[in-house]
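Working notes, beginning with the structure itself.
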There are 2 protein chains.
Amino acid sequence: MNIKYANRMKNIKKSFIREILKVAQNDKVISFAGGLPNARLFPVKKIQAASNKVLTNHGKNALQYSTTQGFLPLREYIANRYNTVCALNVSPDEILIVNGSQQALDLLGKVFLNKGDYVVLERPGYLGAIQAFSMFEPVFKSIPLESDGIDIDLLRKYMNSNKPKIFYTVPNFQNPSGISYSLEKREQTANIIKQTDTVIIEDDPYRELRFTGKKQPTIASFMDNKSVLLGSFSKIIAPGLRMGWIRANPEIIDKLITVKQAADLHSNNLSQRIIHQYLTDNDIDTHIKLISKTYSYQKDVMIDAIKRYFPKEVKYTTPEGGMFLWITLPDKMDSMTLFNKTVEKNVVFVPGLPFYTDVIENNTFRMNFSNSDEDRIIEGIKRIGEVIEKLQTDI
Amino acid sequence: MNIKYANRMKNIKKSFIREILKVAQNDKVISFAGGLPNARLFPVKKIQAASNKVLTNHGKNALQYSTTQGFLPLREYIANRYNTVCALNVSPDEILIVNGSQQALDLLGKVFLNKGDYVVLERPGYLGAIQAFSMFEPVFKSIPLESDGIDIDLLRKYMNSNKPKIFYTVPNFQNPSGISYSLEKREQTANIIKQTDTVIIEDDPYRELRFTGKKQPTIASFMDNKSVLLGSFSKIIAPGLRMGWIRANPEIIDKLITVKQAADLHSNNLSQRIIHQYLTDNDIDTHIKLISKTYSYQKDVMIDAIKRYFPKEVKYTTPEGGMFLWITLPDKMDSMTLFNKTVEKNVVFVPGLPFYTDVIENNTFRMNFSNSDEDRIIEGIKRIGEVIEKLQTDI
């Protein structure tokens, strides 16, 4: 019995993060690995109240099949929030509800990518996007991130020479680096993309979790009809409901609906209505402030601990929001070697490797600060610092 | 601004059913088109009780990210039910939770299909499978259904000449035809597939909804490790929760997990736990009996009305379970022409066209009996009968 898989399966590596998360399930392990929100901030009782209201008032409809594009009142809410909070001009017809941003990436890969097409993304780049697009066998070209966003000169050069199908970016508190684009680079990026046939996918799940600095406009606000903007309720409400959305022009949305229908007919109807009910009955901005304040404090604790326990040669980003920061070790030091040592001390993070495509930097790693409380952050950083010092002596 | 889509999008037609369902949203329209369960049978209060229990006792966990393979107690329940009800020998490691069977088909297409690979399926065949597999640009070969299942001689011939990657079948109360495989044909099918490298996908969402006849074993029970078996909670609990599963050997499950992770990380965590809680606290068999009894009655009403109001030249299947029956008009009559006339009389069904791939029969259509009550079934059939008679006169 010889089972023959599709050729695309040869390119797919098992997710290293999935393997790390198995280790991290042990309570003894201090994990800076996952991209998990802090569960103690989940509005459990309010979600329960919303669920009861939906099931009491609209139970039969909420449990029946529904439309592929998604629950209209929820699409209206999302469009309206863009229009009031982001100064965009969005209609509910431009919104498709999906199972978290991850599904958005899968559907967009299907709609746009032929084998061998170029995808340009940031270096380091978001692992989930690399995984999703890999299924469609593109060629990745990564462009280095600087402290204020992508290297604009290289972006211009790559756009002209490779004619990519997709440019993928996370402009706010990027996963994995924590870096945000300056206003200038947002506008420059849009202007470069507008002169090409490339579609820009602006993945924006962390936008609302800003700690410091000035709120920046979406790149979409400078774009034309080739802009695809992704959002998610995972970071501001709860990820277990798998609920996100795509905003794009109606022509692209129409293609995405066809593909979404073939992928799973529609997103969970009950959960769409629960989220809409929760948003209707509660002040989401108050909740977002609480999350941002908590994560901001945890970020400060982590950076203070890094300053105290990591050798001064170690570089780190200082994110203005989000859930991650990015560590760069001295050149000769390998983050995978470090990882294998810290696992023995029950501390894990994500080595840089899975965030690279065409160019790899082995001396980097990602740290999540949203899912650990103060004491564990300090203890975990201390243990990692000890191992780094030991490795420095060994080199 | 020239937006360039992937080549696969050229093959994809907009779902005709989706267009019909828009018409059917009008309450005046009697719809035999959708494949919707009867919403008045949804266990709304029990789902609400389950939801409250989950959120009260495990709220934070239920709202957090979870594992890609799915909630272990739910996988254990599914494995155990196969072992007690279907006399299979299934372990929870062989189960992957997905967003309804539709997502199973998408993931299986990704794991197995290269462009140009052969997919063999029944004629008429399930539209959702045709849509999902089409994304991966295979070549479809359809084999006619007889009253007791697929044409075995043709199946043997196709298997040998085309070396298909996938054989896709719905052996119980098939969608769209309502036809079920005899015991003999189940065993013969398995024996033919076992001698090839073809993977069999046995899609089995209606199994539990049997009205009459003897319960039949799964084809999987005669198969080796190349068997993939699909199941769903959509027809026995509620489809709005988008919850189904794949049962396959651990090697295939491992590939599917990798692909599922790239597609949407994992299925809705809260809904998985709600379904598990509901199954734990209630007797699903009592509920299934109620659904089957209701649909069986509706099927009888539909067939009685067909006998009374359709010309005797019109043929129909008499399903032993499920949600659909299949109508064959006299040869020269086109079901799309019929459809365009009955729409004017506020009655809709699904013309046969979308259920065909390589060979098309224009004189057929699908009728759903699960989602209409007695009076509307009789009135709808009467109106369709009148139009058929008028068309007969015109020919």
(Q) Exactly one condition in (1) under 30 Å from residue A:61 (Cβ atoms); (2) within 7 Å of chain A (Cβ to nearest Cβ) is false for residue B:7; which is it? (A) (1)
**Q.** Those residues of the stretch A:264-276 which are assigned to a helix (DSSP H, G or I) and at the interface with another protein chain (Cβ under 7 Å from one of its Cβ atoms), in sequence order
**A.** A:264, A:269, A:270, A:271
Q) Looking at (1) away from chain B (no Cβ under 14 Å); (2) under 30 Å from residue A:378 (Cβ atoms), which is the only condition residue A:282 fails? A) (2)
Q) Could you count how many residues in the stretch A:15-61 are exposed (fewer than 12 other Cβ atoms within 10 Å of the Cβ) and part of a loop (DSSP other than H, G, I, E, B)? A) 4
(Q) Among the residues that make up the stretch A:143-155, is at least one of them buried (at least 20 other Cβ atoms within 10 Å of the Cβ), assigned by TED's automatic domain parsing to the domain that holds residue A:236 and part of a loop (DSSP other than H, G, I, E, B)? (A) no
Q: Name the residue, out of B:324, B:349, B:310, that is at pLDDT 95 or above, touching a helix residue (DSSP H, G or I) at 6+ places or on another chain (Cβ under 6 Å), more than 30 Å from residue B:52 (Cα to Cα) and not hydroxyl-bearing (Ser, Thr, Tyr).
A: B:310
Q) Taking the stated definitions as given, is residue A:177 of a type outside the set (Asp, Glu) and away from every other protein chain (no Cβ under 14 Å)? A) yes
Q | Within the stretch A:158-199, considering residues that are in a helix (DSSP H, G or I) and among the small types (Gly, Ala, Ser), the one surrounded by the fewest Cβ atoms within 10 Å (Cβ to Cβ) | A | A:161
Q. Where residues in the stretch A:211-263 are among the β-branched types (Val, Ile, Thr) and out of contact with any strand residue (DSSP E or B) (no Cβ under 7 Å at 6 or more places or on another chain), which of them is farthest from the other protein chains (Cβ to nearest Cβ)?
A. A:212
**Q.** Candidates B:365, B:339, filtered to the one that is assigned to a helix (DSSP H, G or I) and touching a strand residue (DSSP E or B) at 6+ places or on another chain (Cβ under 6 Å)
**A.** B:339
Q. Got a sec? Which of A:51, A:15 is within 10 Å of another protein chain (Cβ to nearest Cβ) and more than 30 Å from residue A:345 (Cα to Cα)?
A. A:51
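What residue, of A:33, A:49, A:79, is farther than 25 Å from residue B:66 by Cα and of a type outside the set (Phe, Trp, Tyr)? Spell out the reasoning first.
On the way: A:33 fails: farther than 25 Å from residue B:66 by Cα; A:49 fails: farther than 25 Å from residue B:66 by Cα.
None of the others qualify; the one that does is A:79.
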Q | Selection within the stretch A:279-300 - under 14 Å from residue A:319 (Cβ atoms) and crowded, with 17+ Cβ neighbours inside 10 Å | A | A:292, A:295, A:296, A:298, A:299
Q. For the stretch B:27-52, which residues satisfy the criterion of being closer than 24 Å to residue B:352 by Cβ and either more than 25 Å from the chain's Cα centre (by Cα) or small (Gly, Ala, Ser) (or both)?
A. B:31, B:33, B:34, B:35
Q. Within the stretch A:244-261, is there a residue that is assigned to a loop (DSSP other than H, G, I, E, B) and buried (at least 24 other Cβ atoms within 10 Å of the Cβ)?
A. yes
Q: Scan the stretch A:124-149 residue by residue and report those that are away from chain B (no Cβ under 14 Å) and more than 11 Å from residue A:168 (Cα to Cα).
A: A:124, A:139, A:144, A:145, A:146, A:147, A:148, A:149
Q. When you go through (1) facing another protein chain (nearest Cβ under 8 Å); (2) assigned to a helix (DSSP H, G or I) one by one for residue A:68, which number turns out not to apply?
A. (2)
Q: Please work out if residue B:110 is without any contact (Cβ under 8 Å) to a residue 24 or more places away in the chain and within 12 Å of another protein chain (Cβ to nearest Cβ).
A: no
Q) Residue check: is residue A:297 over 25 Å from residue A:128 (Cα atoms), hydroxyl-bearing (Ser, Thr, Tyr) and not assigned by TED's automatic domain parsing to the domain that holds residue A:207? A) yes
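The values are calculated or read from the model by the stated rules, or taken from the named source; none is laboratory data. Quick caveat, the model's predicted, so the values are computed rather than measured. FYI the Cβ positions are ideal-geometry reconstructions off the backbone, even for glycines, and counts take in every protein chain you see.
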